[in-house]
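Have a look at the structure below, then the notes.
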Amino acid sequence: MDTDNLFSCFFHLQKKRRAATARRQHLKSAMLQLAVTEIEKEAAAKEVEKQNYLAEHCPPLSLPGSMQELQELCKKLHAKIESVDEERYDTEVKLQKTTKELEDLSQKLFDLRGKFKRPPLRRVRMSADAMLRALLGSKHKVCMDLRANLKQVKKEDTEKEKDLRDVGDWRKNIEEKSGMEGRKKMFEAGES
């Protein structure tokens with residue numbers, strides 16, 4: 001009984017799968033038919049638009065009977081051709097300028113954004129002479145002694161410095177001022 005039930009479920013599932021596959025194929029074919037009709041409508045619309053544009057911008061050509069009228073028509077056509085060529089040349093030049101500017105700006109943007117990875121910098125101790133030799137190569141002949149260009153400053157003796165030098169040893173000065181004799185000397189120095 002169980003095997004019969006299993007077989008019936010299996011066949012039922014297969015029928016559902018077949019139905020789903022058939023439905024998918026039917027939907028695909030319906031979508032393709034709709035796409036084909038849309039493409040045909042677009043092509044017809046483009047053809048009508050083209051005919052309208054040509055009728056508006058290119059009137060039908062009427063050939064004159066005499067030779068002089070034919071020459072005048074040729075001159076008019078040549079003048080139109082020259083004006084169209086001038087416009088085409090101008091637009092080409094403008095296009096070239098704008099593409100060149102666009103390339104320059106994209107290069108600047110590329111440089112500013114920095115696509116390349118910057119290497120980590122190391123601190124290098126170099127003297128000024130070694131740096132100039134590295135930058136200029138064999139052209140470097142000038143020896144650069146930075147201390148030679150410094151200004152020499154002379155120390156001027158001030159009164160405070162003289163007083164400090166004259167004071168001498170501080171212990172000796174304290175011993176002189178200590179006790180009654182030192183106070184007496186300070187008092188006498190204050191009176192005079």
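The values are calculated or read from the model by the stated rules, or taken from the named source; none is laboratory data. Fair warning: this is a prediction, and the values are worked out from it, not measured in the lab. All Cβ positions, even for glycine, are placed from backbone atoms using ideal geometry, and neighbour counts span all protein chains on display. To get the accessible areas, we keep the full protein, side chains included, count just its heavy atoms, and leave off ligands, DNA and RNA. Shrake-Rupley method; radii C 1.70, N 1.55, O 1.52, S 1.80 Å.
Once the other residues with Cβ under 13 Å from the Cβ of Glu86 are scored (Lys, Arg +1; Asp, Glu -1), what is the net sum?
-2
Quick one: what are the phi-derived ³J(HN,Hα) couplings along segment 90-100, Karplus 6.51/-1.76/1.60 with θ = phi - 60°, whole Hz, x for glycine and proline?
For segment 90-100, the Karplus curve yields 4, 5, 5, 5, 4, 4, 5, 4, 5, 5, 5 Hz.
What does the net charge come to around His57 if you take all other residues with beta carbon closer than 12 Å to its beta carbon, with K and R at +1 and D and E at -1?
In short, +1.
What does the accessible area per residue of segment 12-60 come to in Å², with a 1.4 Å probe and no ligands, DNA or RNA counted?
On the way: 4880 Å² over 49 residues.
On a per-residue basis, segment 12-60 sits at 100 Å².
For segment 46-59, what does the Karplus curve 6.51 cos²θ - 1.76 cosθ + 1.60, with θ = phi - 60°, yield as ³J(HN,Hα) per residue in whole Hz, taken in order and with x for Gly and Pro?
Going residue by residue, I get 5, 5, 5, 4, 4, 4, 5, 4, 5, 5, 6, 8, 10, x Hz, with x marking Gly and Pro.
Could you go through segment 71-83 in sequence order and give the Karplus-derived ³J(HN,Hα) for each residue, using 6.51 cos²θ - 1.76 cosθ + 1.60 with θ = phi - 60°, rounded to whole Hz, and x for Gly and Pro?
5, 4, 4, 5, 5, 4, 5, 5, 5, 4, 4, 4, 5
Quick check: from the Cα gyration tensor, does segment 12-60 come out rounded (a/c under 1.5), prolate or oblate?
Details: a/c = 12.66, a/b = 11.11, b/c = 1.14.
Prolate.
Classify segment 62-133 as rounded, prolate or oblate, taking a ≥ b ≥ c as the square roots of the eigenvalues of its Cα gyration tensor: rounded when a/c is under 1.5, otherwise prolate if a/b is larger than b/c and oblate if not.
prolate
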